[in-house]
1. If you take the square roots of the eigenvalues of the alpha-carbon gyration tensor of the stretch 175-245 and sort them as a ≥ b ≥ c, do you get rounded (a/c under 1.5), prolate (a/b over b/c) or oblate?
2. What is the magnitude of the charge dipole of the stretch 45-160 about its Cα centre, with +1 placed on the Cβ of each Lys and Arg, -1 on the Cβ of each Asp and Glu, and no other charges, expressed in debye to the nearest 20?
3. Within a 10 angstrom radius of the beta carbon, how do D205, D262, D102 rank from fewest other beta carbons to most?
4. Please tell me the relative contact order of the chain in percent, rounded to the nearest whole number, where contacts are Cα pairs under 8 Å and at least six residues apart.
5. Comparing G150, G57, G96, which has the greatest mean-square fluctuation in the GNM of the chain with Cα pairs linked when under 10 Å apart?
6. List the lysines whose Cα sits under 24 Å from the Cα of K59, skipping any in the same chain fewer than 8 residues away.
7. Label the chain by shape, choosing from rounded, prolate and oblate, from the square roots a ≥ b ≥ c of the eigenvalues of the Cα gyration tensor; if a/c is under 1.5 it is rounded, and otherwise prolate applies when a/b is larger than b/c, oblate when it is not.
8. Specify the residue with the greatest mean-square fluctuation among H89, H50, H189, computed from a Gaussian network of the chain linking alpha-carbon atoms under 10 Å apart.
Amino acid sequence: MLRLSIFAAALLAASGHAQKLALDLLPEPLLIKRLSEGQVKQGLRQEEIHRVFEEAGCKPVDQPIDHSSGNVVCTLPGETGSEIVVGGHFDFAGQGYGIVDDWSGAALLPSLYQTLKSQPRHHTFVLVSFGEEERGLFGSRWFVKHLSPGERADILAFMNLECLGLGHVNVWTTRSTKSLVLSLNQVAHALSIPLFTVNVDRVGDDDTHPFLGAKIPVLSIHSITEATLPVLHSPADRLSAVKPGSYYESYRLVAFYLAWLDAVD
Ligand SMILES: [Zn+2]
């Protein structure tokens with residue numbers, strides 16, 4: 001394992017915590033291997049994400065949403081009842097393999113679990129790979145609908161990982177909660193990772209939608225630009241569309257951001 005430590009005093013000073021944020025990051029070849037494992041038929045993707053969660057040391061729960069498909073939920077318990085939920089959908093539309101949209105997000109969840117569990121966590125992390133996103137956000141709608149009022153109130157934030165690895169990380173800022181965008185920006189700056197705003201209101205929707213409807217703070221990230229948009233839902237949505245360096249950069253950013261949220265919130 002590669003140990004990467006950053007000194008994040010500037011980040012944490014605002015909240016009165018001056019501490020080092022350190023994480024054992026997984027190596028890039030493991031992330032690319034997990035990305036390649038999405039090259040299976042649509043009907044096998046749920047089984048596959050379940051398997052990758054198990055490989056990462058989690059015992060995920062399959063949450064049925066209809067007769068054929070469900071969400072796959074992996075929980076990393078923390079010391080408080082407060083939760084940070086992270087999502088990425090395993091289903092895909094069109095030809096190709098849907099490696100960008102959205103195995104790239106789904107396959108990052110087990111790696112995030114593995115990275116975060118190496119130290120005790122303050123908050124509970126709930127990593128959800130949603131099913132049936134492409135049919136109309138069925139999985140995430142089901143998930144939010146079945147939260148009790150108390151469970152909803154316990155969720156500090158929902159972060160959605162959508163279409164990563166085409167290039168640098170972009171934030172859908174018009175969809176995201178402002179305070180979360182600002183803090184992600186701070187963490188990206190501390191890591192010297194470029195972060196851009198690309199709003200996709202005109203071209204799509206994502207799993208943040210039902211969470212936002214339930215008044216839960218959300219953050220939506222992706223890597224789509226006008227130039228790469230045609231890759232989605234096309235035969236070009238395959239492993240070769242992903243730039244390994246960009247994909248690894250999104251992993252680093254999300255892993256440190258989640259650790260940061262855990263440390264300061
Ligand atoms: Zn998608």
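1. On the way: a/c = 2.39, a/b = 1.25, b/c = 1.92.
Here the stretch 175-245 falls in the oblate category.
2. On the way: 9 positive and 16 negative charges, 52 e Å.
The dipole magnitude comes to about 240 debye.
3. Working: D205 13, D262 22, D102 31.
Least to most surrounded, the residues fall as D205, D262, D102.
4. Numbers: 544 pairs, mean separation 59.7, N = 265.
Relative contact order for the chain comes out at 23 percent.
5. Highest fluctuation of the listed residues: G150.
6. Within the straight-line cut-off, K59 pairs with K33, K41, K117, K145.
7. Values: a/c = 1.37, a/b = 1.22, b/c = 1.12.
Rounded, since a/c falls under 1.5.
8. Among H89, H50, H189, the largest mean-square fluctuation in the Gaussian network model of the chain belongs to H189.
All of the numbers you see were taken from the coordinates with simple rules; none came from a lab. Here the structure is a predicted model, which means the values were calculated and not measured. In this analysis, Cβ positions are derived from the backbone assuming ideal geometry, glycine residues included, and neighbour counts consider all displayed protein chains.
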